[in-house]
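A.B. asks: Below is one structure. I have some questions about it.
The values are calculated or read from the model by the stated rules, or taken from the named source; none is laboratory data. Note that the structure is predicted; figures quoted are calculated from it, not measured. Quick reminder, even Gly has a Cβ in these numbers, built from the backbone with ideal geometry, and neighbours come from all protein chains shown.
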Amino acid sequence: MKMMVACRRASLLLLLTVAVGAMAPVAASAGKFNKVLSVGDDAPAWSELPGVDGQKHSLKDLEKPKAVVVVFLSLRCPVSTGYEPRLVAVAKDYQDKGVVVVGVNSSGDDAENLEKMKERAKSSGFTFAFLQDASQNVGKSFGATATPQVFVLDERRKIAYMGAIDDDMDAKRASRHYLREALDAALAGKTPKTAETRPHGCPIDFSGGTGGTP
């Protein structure tokens with residue numbers, strides 16, 4: 001009888017452990033959650049992407065920054081919109097350290113067109129470039145699958161980190177700030193303690209791109 005009770009308790013403990021572990025992003029070796037890129041790869045280049053500032057933007061224009069954050073965003077994804085204040089804060093906190101943040105919208109849906117992107121950038125106080133990837137080729141070249149999803153490019157423009165911004169949608173409960181940790185490491189010329197996590201958010205629908213090249 002005692003053995004049966006002990007087994008049941010052990011089973012319940014195992015189930016609870018698995019359930020709790022499934023709630024947070026999982027740290028991984030490079031490339032586990034990205035079918036296209038691995039940490040250490042050269043960042044895919046993009047060129048002539050229209051931004052909400054009325055200008056065309058290319059990766060080659062970002063030669064001076066010590067690090068670049070590429071974050072894939074969506075106007076209609078509640079997870080993506082929920083993280084906007086944190087991204088604005090990151091852009092502000094790291095601006096003087098030589099970090100540039102670039103937001104990319106790879107949605108092929110007209111409901112997220114450039115005009116609506118301009119409205120969101122203004123209302124949310126974006127101080128960083130927000131680019132339209134109408135062809136969806138940039139999203140595909142980065143292996144992006146969700147919004148928001150971040151990629152930290154080091155000074156050599158190699159992938160230093162990719163995945164989630166932090167470990168909880170509620171900013172007050174977040175205990176691991178993956179993006180900030182990766183930026184601090186990259187700026188110090190070091191490898192981030194956690195180089196890849198599973199991105200969490202809304203899936204990117206790649207069925208509606210307009211074609212073309214990044």
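A.B. asks: Is there a residue being farther than 16 Å from Val152 by Cβ and touching a residue at least 60 places away in the same chain (Cβ under 8 Å) anywhere in segment 93-100?
C.D. replies: The answer is no; no qualifying residue exists.
A.B. asks: Within segment 169-206, can you find the residues that are assigned to a helix (DSSP H, G or I), surrounded by 19 or more Cβ atoms within 10 Å (Cβ to Cβ), in contact (Cβ under 8 Å) with a residue 60 or more places away in the chain and within 15 Å of the chain's Cα centre (by Cα)?
C.D. replies: Those that are assigned to a helix (DSSP H, G or I), surrounded by 19 or more Cβ atoms within 10 Å (Cβ to Cβ), in contact (Cβ under 8 Å) with a residue 60 or more places away in the chain and within 15 Å of the chain's Cα centre (by Cα): Tyr178, Leu179, Leu183.
A.B. asks: Given (1) without any contact (Cβ under 8 Å) to a residue 60 or more places away in the chain; (2) outside any loop (DSSP other than H, G, I, E, B), where does Thr127 come up short, assuming only one miss?
C.D. replies: Of everything listed in (1) without any contact (Cβ under 8 Å) to a residue 60 or more places away in the chain; (2) outside any loop (DSSP other than H, G, I, E, B), Thr127 misses just condition (2).
A.B. asks: Something else now. Which condition number does Asp166 fail, the rest of (1) within 23 Å of Leu62 (Cβ to Cβ); (2) of a type in the set (D, E, K, R); (3) not in a helix (DSSP H, G or I) being met?
C.D. replies: Failing condition for Asp166: (1).
A.B. asks: Additional query: Of the residues that sit in segment 32-83 and are closer than 24 Å to Lys122 by Cβ and polar (S, T, N, Q), which one is surrounded by the fewest Cβ atoms within 10 Å (Cβ to Cβ)?
C.D. replies: The selected residue is Gln55.
A.B. asks: Something else about it: Looking at segment 27-83, which of its residues are part of a loop (DSSP other than H, G, I, E, B), touching a Ser or Thr at 6+ places or on another chain (Cβ under 7 Å) and within 19 Å of Val100 (Cβ to Cβ)?
C.D. replies: Scanning segment 27-83 gives Pro44, Trp46, Ser47, Glu48, Ser58, Leu73.
A.B. asks: Among the residues of segment 1-60, how many are basic (Lys, Arg) and modelled with pLDDT of 95 or more?
C.D. replies: Residues in segment 1-60 being basic (Lys, Arg) and modelled with pLDDT of 95 or more: 2 in total.
A.B. asks: Output the residues belonging to segment 84-102 that are outside any strand (DSSP E or B) and over 13 Å from the mean Cα position of the chain (by Cα). Even if it seems obvious, please write down each step before you answer.
C.D. replies: Initial filter on segment 84-102 (outside any strand (DSSP E or B)): 84-98.
Matches in segment 84-102: Pro85, Val88, Ala89, Ala91, Lys92, Asp93, Tyr94, Gln95, Asp96, Lys97, Gly98.
A.B. asks: Follow-up question, since we're still on this one. Checking Ser107 against (1) in a loop (DSSP other than H, G, I, E, B); (2) buried (at least 22 other Cβ atoms within 10 Å of the Cβ); (3) modelled with pLDDT of 95 or more, which test does it fail?
C.D. replies: Here Ser107 clears every test but (3).
A.B. asks: Give segment 42-80 a look and list any residue that's of a type in the set (A, V, I, L, M, F, W, C), in contact with an Asp or Glu (Cβ under 8 Å, 6 or more places away or on another chain) and over 21 Å from Ala111 (Cα atoms), or say none.
C.D. replies: Trp46, Ala67
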